[in-house]
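Trainee: Just passing along the structure, written as structure tokens.
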Number of protein chains: 2
Amino acid sequence: MSRVSAVSIVEAIASDIRARVFSGELPALHALTETEVASSYDVARPTAKAAIEKLVAEGLLVRGVHKTARVADLGPESVRDIYLARAYLESEVLRRLASSRTVPDEAVRANNDIAALKTGAPLDVVEPDMRFHTSLVDALGNQRISKMYLSLVGEVRLCMSRVQSLHLLDTTLIQAEHQKLLELIAAGKGDAAAQLLDEHLGRARERLVATMGGEAGPEAELPSKLTG
Amino acid sequence: MSRVSAVSIVEAIASDIRARVFSGELPALHALTETEVASSYDVARPTAKAAIEKLVAEGLLVRGVHKTARVADLGPESVRDIYLARAYLESEVLRRLASSRTVPDEAVRANNDIAALKTGAPLDVVEPDMRFHTSLVDALGNQRISKMYLSLVGEVRLCMSRVQSLHLLDTTLIQAEHQKLLELIAAGKGDAAAQLLDEHLGRARERLVATMGGEAGPEAELPSKLTG
DNA sequence: CGCCCTACGATTGTCTAACAAGTACACACG
DNA sequence: CGTGTGTACTTGTTAGACAATCGTAGGGCG
């Protein structure tokens, strides 16, 4: 029994479950019974039901009619869908930022944080990496686009929680490509930035797919040239 | 008392309310009390509550804690946010379609339906217009992008329900621009298509803003040249 | 011995009833 | 006239209950 209470009991429970899913405590396909959730948080069943339905709406949990809610199991095809959606959104974001030569401070800061990482823990790069990409999207100043991207980020984090030993890409490479992206934006080269982003996300996508048991596409390979 | 029952009572009620909002039967800021909804559909209050919360999650209704849910009131700034979001999404969609020279059949059909419209009712153009744009997005084959665009379409329809006498743009102009967009896609000219779309949506956006009492931006003006 | 059908347990969908808590508005008081 | 209080309305949450449905295990039949 965990006593939580912030603004709304439902919201608090949903938050807690969300955190437990992201941390990997609740693995994919783990069943979440309404009664079970209700008793573990010491609330009534309708309250637990509301929290579960909120998470289902977010896409973190899945459930059919009359069936127990389960932690979403994102297969390789979902990973591709998510990363392609990211690419679609961010490509256009980069073009717009480039046309106004807007380089968000927060993005620079996030990438510096990646550069400062010397720890071997590969999981530590996820947070500043997400912050880098999110800050670019947020720089557009469009509420709805930011919200959409946020939901994608949630699903990406869900994917990440599945692959524990992710040593997919070298931190140095990530940081270098981010840097290059910012330079292209500053130079007003939107097309080039969009293309580099496609490679950047495509590589991460196919490597992630490969570690999840899917078949990696050709984008998984490192680029032959990486002119900084 | 309206008896409805399809797959789920909650879903059925939510659908009905959604339709009533879109039709304009429920105007902006109209209050929807849980008890009121419950009695009018002859269901229990928790059921009505669930339906209302579903619509709140969709953005059709808004409500604060302990306050009655109301039909969302989209002001000029929201309209700009929505239409800019559309432009961000669709610009990139056009580029991708152009790079593979993919012209969706459904888009062609939808635009033909617009051309066939000779009725004076300006509201009839909304449905095929939405279908045109939606079919372009769906042609990408990305579940998440399609879902995001769907929620934007819902908000656009909500805006439309507010302006009854919308005679914002000439049907012929809309149809001609759509035609030009398809031609640019077929020619692989993604940049040009994206730019034309920006003008197309920008004009609709600022005219809509103007009719809602906001101050129209310069995009409201007709283009000086429209080479078909 | 294997397959299909049935029956049971578990779980969700929905309802009734009720109390607590918060908001908003009106009225009275200073 | 401004402020404070109180009351009515609404929402948040709980409890218990029943029907509908799904999954599974077991028994009957070929």
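The values are calculated or read from the model by the stated rules, or taken from the named source; none is laboratory data. Quantities reported herein were computed from a predicted structural model and do not represent experimental measurements. Cβ coordinates were reconstructed from backbone atoms using ideal geometry, including for glycine residues, and neighbour counts include every protein chain displayed. The protein model used for the area step is the full one, side chains on, heavy atoms only, and it has no ligands, DNA or RNA in it. Shrake-Rupley method; radii C 1.70, N 1.55, O 1.52, S 1.80 Å.
Trainee: Does any residue of the range A:164-185 turn out to be more than 19 Å from A:Ile114 (Cα to Cα), assigned to a loop (DSSP other than H, G, I, E, B) and modelled with pLDDT under 80?
Mentor: Within the range A:164-185, one or more residues are more than 19 Å from A:Ile114 (Cα to Cα), assigned to a loop (DSSP other than H, G, I, E, B) and modelled with pLDDT under 80.
Trainee: With the requirement that a residue be away from DNA strand D (no atom under 12 Å from the Cβ) and touching a Lys or Arg at 6+ places or on another chain (Cβ under 8 Å), what does the range B:45-56 give you?
Mentor: B:Leu55
Trainee: Something else now. Looking at (1) more than 14 Å from chain B (Cβ to nearest Cβ); (2) closer than 17 Å to A:Arg109 by Cβ, which is the one condition that is false for A:Asp170?
Mentor: Here A:Asp170 clears every test but (2).
Trainee: Among the numbered criteria (1) more than 13 Å from DNA strand D (Cβ to nearest atom); (2) of a type in the set (D, E, K, R); (3) closer than 25 Å to A:Arg144 by Cβ, which single criterion is violated by B:Asp42?
Mentor: Checking B:Asp42 against (1) more than 13 Å from DNA strand D (Cβ to nearest atom); (2) of a type in the set (D, E, K, R); (3) closer than 25 Å to A:Arg144 by Cβ, the one that fails is (3).
Yes/no matrix, rows are residues, columns are (1) farther than 26 Å from A:Leu97 by Cα; (2) at pLDDT below 95; (3) basic (Lys, Arg):
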position	(1), (2), (3)
B:Asp73	yes, yes, no
B:Ser78	no, yes, no
B:Leu89	no, no, no
B:Arg95	no, no, yes
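Trainee: Still on this structure, I have one more. Can you tell me which of B:Glu127, B:Glu155 is part of a helix (DSSP H, G or I), acidic (Asp, Glu) and touching a residue at least 12 places away in the same chain (Cβ under 8 Å)?
Mentor: Working: B:Glu127 fails: touching a residue at least 12 places away in the same chain (Cβ under 8 Å).
Among B:Glu127, B:Glu155, only B:Glu155 is part of a helix (DSSP H, G or I), acidic (Asp, Glu) and touching a residue at least 12 places away in the same chain (Cβ under 8 Å).
Trainee: Which one is most open to solvent (accessible area, probe 1.4 Å) among residues in the range A:179-199 that are in contact (Cβ under 8 Å) with a residue 24 or more places away in the chain and closer than 11 Å to A:Ala87 by Cβ?
Mentor: Initial filter on the range A:179-199 (in contact (Cβ under 8 Å) with a residue 24 or more places away in the chain): A:179-182, A:184-191, A:193-194, A:197-199.
The next check asks that each one be closer than 11 Å to A:Ala87 by Cβ; those that pass are A:194, A:197-199.
Working: A:Ala194: 4, A:Leu197: 0, A:Asp198: 54, A:Glu199: 80 Å².
Result: A:Glu199.
Trainee: Which of the following residues is near DNA strand D (Cβ under 10 Å from one of its atoms), in contact (Cβ under 8 Å) with a residue 12 or more places away in the chain and of a type in the set (A, V, I, L, M, F, W, C): B:Val79, B:Val37, B:Val65, B:Val10? It would help to see each step written out before you state the result.
Mentor: Values: B:Val79 fails: near DNA strand D (Cβ under 10 Å from one of its atoms); B:Val65 fails: in contact (Cβ under 8 Å) with a residue 12 or more places away in the chain; B:Val10 fails: near DNA strand D (Cβ under 10 Å from one of its atoms).
The match here is B:Val37.
Trainee: Something else now. Just one of the numbered conditions (1) on the phi < 0 side of the Ramachandran plot; (2) within 12 Å of chain B (Cβ to nearest Cβ) is not true of A:Leu61; which one?
Mentor: (2)
Trainee: How many residues are open to solvent by 30 Å² or more (accessible area, probe 1.4 Å), away from every other protein chain (no Cβ under 11 Å) and of a type outside the set (Asp, Glu) when one looks only at the range A:65-98?
Mentor: Qualifying residue count, the range A:65-98: 4.
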